[in-house]
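The values are calculated or read from the model by the stated rules, or taken from the named source; none is laboratory data. Computed from a predicted model, the values in this text were never measured in an experiment. Note that we place each Cβ from the backbone using ideal geometry, even for glycine, and neighbour counts take in every protein chain shown. Just so you know, the surface numbers come from the protein's heavy atoms only, side chains and all, with ligands and any DNA or RNA stripped out. Shrake-Rupley method; radii C 1.70, N 1.55, O 1.52, S 1.80 Å.
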Amino acid sequence: MMVGRFVSALLLACALGGCETAPPHAAPADLYGPPEKPAPVAAPSISAERMSEITRVLASDEFQGRSMGTPGEEKTVAYLTGQFQAAGLEPGGENGGWTQSVPMIRTKLQAPSLSVAQSGKTTALRFPQDIYLSTVRAVDQARIAGAPMVFVGYGVNAPERGWDDFKGVDLKGKVAVFLVNDPDFEAAEGEPVAGKFAGKTMTYYGRWTYKFEEAARRGAIAALIVHDTEGAGYGWNVVQSAAGENFNIVLPPEAQQPVLLQGWIQGPVAAEMFKRAGHDLADLRQRARTTAFKPIDLKATFSANAGVDLNRISTRNVIGKLTGSKYPNETVSYGGHWDAYGIGPADAQGPIP
């Protein structure tokens, strides 16, 4: 089967391409006063059918899961270019074309060995049943030997909201363990944190990307997010669907380097680990919703050893533009990703025909 994902925002221009905008209408001049203001221009409508058709095409077997650096990319780029042209857009890429080259790395973990040592006992973690990891570092081996594990709540540092989950804790060389989403996601009405972020609407602080980035900024060697379906917005089947594969842009040497390993740990597995450290996960969730929360030493160490299949590839952004008449030198940008994970192992529905 093809493992994939799709964001419709990239195709907004395509969705609007077949829609019409009502022409402005000027009222006749009043003999005894200035003419009436023109009637407002009707906003274009979005065709759900059109967006559904675009999604159906790109998710079809013909596009082979839309992985970067594969024949599926070639078909996807050609399709998007055609749709942008049909929508009346101009090319916005390099050298007057429709695309922009992006150098990237593609990584895939090979036979990872993972374990947690705690209370004098070492527990093996099954990949990807108990824990899911990948790397976005340009390395051929990912090895961590007995790194201390620290629970950092939601892992949010938001001075503008008066929020700091880290309280100055040293994360250098350690494994940061996070809760997914924002501190107020599960807050009940009346809790001080309620509405401090965006409630059920996730801010960037709630995204796994932010948590991994914050862990790297603080020197952590790895970052793990405790999975729960409601907070993440998807089940464990989505987490593990990439089968250890990941991508990253080629970073210059002076750039902030990502953590060596990043990923997720199953909620029940994390709950057992917290229990062995003398804590209850449900209680910690409540404590993490307060400004008084401080990071907790889990009295555990994490070890990992995995080969990394590392490849350097070049992929492309597809860029179309619509030059405005009033502010032609200003830009409003809409974007999303066209890529997915390519062809994966067969599931209950069988392999690709």
Report task. Positive end of the charge dipole of the chain (Lys, Arg +1 and Asp, Glu -1 on Cβ, about the Cα centre): tell me which of Met149, Thr201, Ser52 has its Cα farthest that way. Result -> Met149
Query - Charge dipole magnitude, Cβ of K and R +1, D and E -1 - the chain, Cα centre, debye nearest 20 - result: 1080 debye
Query raised in the report: Can you give the angle from 0 to 90° between the axis of helix 267-276 and the longest principal axis of the chain, with both taken from C-alpha atoms, to the nearest 10?
Result: 30 degrees
Query raised in the report: What part of the accessible area of segment 243-353, given as a whole %, is carbon or sulfur when the probe is 1.4 angstrom?
Result: 51 percent
Query raised in the report: How big is segment 78-148 by Rg and Dmax over its Cα atoms, in Å?
Result: 22.0, 66
Query raised in the report: Restricting the count to DSSP beta bridges whose residues both fall in the chain, what percent are antiparallel, rounded to a multiple of 5?
Result: 75 percent
Report summary line: Taking alpha-carbon centroids only, segment 122-189 lies from segment 230-250 a number of Å equal to 15 Å
Query raised in the report: For segment 124-226, what mean projected area does the convex hull of the alpha carbons give, in nm²?
Result: 7.8 nm²
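Calculated FRET efficiency, Ala346 and Lys200, Cβ-Cβ r, R0 51 Å, to nearest 0.05?
Calculated transfer efficiency: 0.90.
Given C-alpha coordinates of segment 214-304, what is the ratio Rg to Rh with the Kirkwood estimate of Rh?
0.99
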Query - Separation in nanometres of the label points that stand 7 Å from Cα toward Cβ, at Thr55 and Val139 - result: 3.8 nm
Query raised in the report: Hey, got the Cα dimensions of the chain along the principal axes, in Å, largest first?
Result: 90, 53, 44
Report summary line: Counting only protein heavy atoms with a 1.4 Å probe and every protein chain in place, the carbon and sulfur fraction of the accessible surface of segment 84-136 in whole percent equals 47 percent
Query raised in the report: Just Tyr79, Tyr234, Tyr334 to compare: in a GNM of the chain, with alpha carbon springs under 10 Å, which one fluctuates most?
Result: Tyr334
**Report entry** Of Lys196/Lys321; Lys211/Lys321; Lys174/Lys200; Lys174/Lys196; Lys167/Lys196; Lys211/Lys299, those spanning more than 25 Å from alpha-carbon to alpha-carbon
**Finding:** Lys196/Lys321; Lys211/Lys321; Lys174/Lys200; Lys174/Lys196
Report summary line: Output row, site Ala282, 7 Å Cα→C-beta label point, backbone N cut-off 18 Å, window segment 227-249, residues 227-231
Query - Estimated FRET transfer efficiency (Leu251, Ser333; beta-carbon r; R0 30 Å; 0.05) - result: 0.85
Report task. Please give the helix 71-86 orientation as an angle from the longest Cα principal axis of the chain, in degrees from 0 to 90, rounded to the nearest 10. Result -> 30 degrees
**Report entry** Debye, to nearest 20: dipole size of segment 146-217, +1 on Lys, Arg Cβ, -1 on Asp, Glu Cβ
**Finding:** 280 debye
Query raised in the report: Short version: ³J(HN,Hα) in whole Hz for each residue of segment 196-208, in order, from phi by Karplus 6.51 cos²θ - 1.76 cosθ + 1.60 (θ = phi - 60°), x for Gly and Pro, what are they?
Result: 5, 10, 9, x, 6, 8, 6, 8, 5, 4, x, 6, 5
Query raised in the report: What angle do you read, to the nearest 10 degrees and between 0 and 90, between the alpha-carbon axis of helix 48-58 and the longest principal axis of the chain?
Result: 60 degrees
Requested in this report: Let me know the charge dipole size of segment 241-334 about its Cα centre in debye, to the nearest 20, where only the beta-carbon of Lys, Arg (+1) and Asp, Glu (-1) is charged.
Outcome: 280 debye
Report task. Would you mind working out the accessible area per residue for segment 289-328, using a 1.4 Å probe, and quoting it in Å²? Result -> 59 Å²
Report task. For Ile225, list long-range residues whose amide hydrogen, built 1.01 Å from N in the peptide plane, is under 5 Å from its own amide hydrogen. Result -> Phe178, Gly263, Trp264, Ile265
Query raised in the report: Using 0.36 nm per residue, how much length does the chain from Glu272 to Arg207 gain when fully extended, once their Cα-Cα distance is taken away?
Result: 21.0 nm
Query - Stokes-Einstein translational diffusion, segment 108-148 - Kirkwood Rh over all Cα pairs, 0.692 mPa s, 37 °C, in µm²/s - result: 282 µm²/s
Query raised in the report: Based on the Cα coordinates of segment 163-218, what is the per residue volume of their convex hull in Å³?
Result: 81 Å³
